[in-house]
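Presented below is the structure to which this report refers.
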Amino acid sequence: MKKLRFYLVAFMLAFLTMPILQSCLDSSDSSYPDSLLAIGTLEIIEGREYFFNLDDGDKMYPSDTTYIHNYELVDGQRVFVQFLPLEEDKPGYEYNVKLIQLQNILTKDIIPLTEETVDSIGNDRINVGNLWIAGKFLNIEHQFYHSNNPDKKHMLNLVINKTSEAPAPEDDYINLEFRHNAFNDEQREPSWGVASFRLDEIADQLEGKKGLKILVNSIYDGKRTYTVELNKKK
């Protein structure tokens with residue numbers, strides 16, 4: 001089996017310090033002290049058989065799914081994967097693993113922002129940490145404040161601004177906006193998460209571009225623009 005890369009370990013150590021992820025993936029369970037965490041895209045082979053395309057391009061096959069119950073398989077779903085590596089190789093895959101837990105990542109399409117949808121999409125404050133492109137997805141690590149009331153849902157979207165206030169098009173970059181609607185929820189506690197957005201909607205527009213510019217209404221600094229460079233294949 002291919003030796004696990006350091007990024008998996010570093011990824012787990014960094015993200016397991018976040019309270020919201022600890023509640024979803026309880027790696028502190030002493031039963032699995034050696035478990036690792038990765039992000040990938042679930043791909044269905046046929047029937048109930050599936051694998052994960054990891055963000056570095058490697059493939060992970062779950063030979064042992066004993067601990068996974070009542071999980072709905074959705075082709076193309078982005079997922080946090082908690083796992084234990086197995087020693088036996090699986091031909092065609094870099095990693096052969098035993099799954100411990102799966103936690104879905106918010107996975108959405110990019111949508112248009114119009115005069116009619118401005119209010120419903122919202123523009124409440126939200127912080128952005130890391131942004132990266134993996135395969136056909138733009139991934140955004142984010143943080144916002146909430147009341148910790150399970151009945152209060154927040155909404156996140158990545159939009160193409162088509163209103164009269166849209167920025168002028170640029171030659172080298174596609175302009176997008178990361179929008180948050182808190183639905184008037186009280187801002188008491190911070191929460192952390194990752195959202196993944198399919199780039200299919202703008203695939204044609206990305207031809208010949210250097211990357212993306214993402215406008216965000218941040219919590220502390222107001223409007224900020226983040227630049228994400230495209231991964232050019234040599």
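Just so you know, all these numbers are worked out from the coordinates, no wet-lab data involved. Keep in mind it's a predicted model, so treat the numbers as computed, not measured. So basically every Cβ, Gly included, is an ideal-geometry build from the backbone, and we count neighbours across all protein chains shown.
What 222 nm value per residue comes from the helices of the chain, counting each DSSP H run with n ≥ 4 as -39,500 (n - 2.57) and dividing by all residues, nearest 500 deg cm²/dmol?
After summing the helix terms and dividing by the residues of the chain, the value is -2500 deg cm²/dmol.
Count neighbours as other Cβ atoms within 10 Å of each site's Cβ, and list the trypsin sites (Lys or Arg not before Pro) in the stretch 46-98 that are DSSP loop with at most 13 such neighbours.
R48
Take the Cα atoms of the stretch 106-229, find their three principal axes, and give me the spread along each one in whole Å, biggest first.
Dimensions of the stretch 106-229 along the principal axes of its Cα atoms: 45, 31, 25 Å.
Please report, in whole Å, how far the alpha carbons of the chain spread along each principal axis, starting with the longest.
Projected onto the principal axes, the Cα atoms of the chain cover 58, 45, 33 Å.
Expressed in nm to one decimal, what extension gain is obtained for the pair E207 and E46 from 0.36 nm per residue of sequence separation less their Cα-Cα distance?
Numbers: separation 161, 0.36 × 161 = 57.96 nm, distance 3.24 nm.
Residue separation times 0.36 nm, minus the Cα-Cα distance, leaves 54.7 nm.
Output the Kirkwood hydrodynamic radius of the stretch 25-139, Cα pairs only, in Å rounded to one decimal.
Result for the stretch 25-139 stands at 16.1 Å.
Equivalent-ellipsoid semi-axes (√(5λ), Cα gyration tensor) for the stretch 122-165, whole Å, largest first?
In descending order the semi-axes read 22, 18, 10 Å.
Determine the sum of side-chain charges near S147: Lys and Arg each +1, Asp and Glu each -1, restricted to other residues whose C-beta is under 14 angstrom from that of S147.
Once positives and negatives cancel, what remains is -2.
For A203, what charge total do you get from the other residues with a beta carbon under 13 Å from its beta carbon, if Lys and Arg give +1 and Asp and Glu give -1?
It works out to a net charge of -2.
Please identify every one of the GluC sites (Glu not before Pro) in the stretch 119-174 that sits in a loop by DSSP and has no more than 16 other beta carbons within 10 Å of its own beta carbon.
Sites meeting the loop and neighbour criteria: E165, E170.
Mind checking the dipole of the chain: about its Cα centre, +1 per Lys or Arg Cβ, -1 per Asp or Glu Cβ, Debye to the nearest 20? Kindly include the intermediate steps, with their values, before the conclusion.
Working: 25 positive and 37 negative charges, 100 e Å.
So the dipole magnitude of the chain works out to roughly 480 debye.
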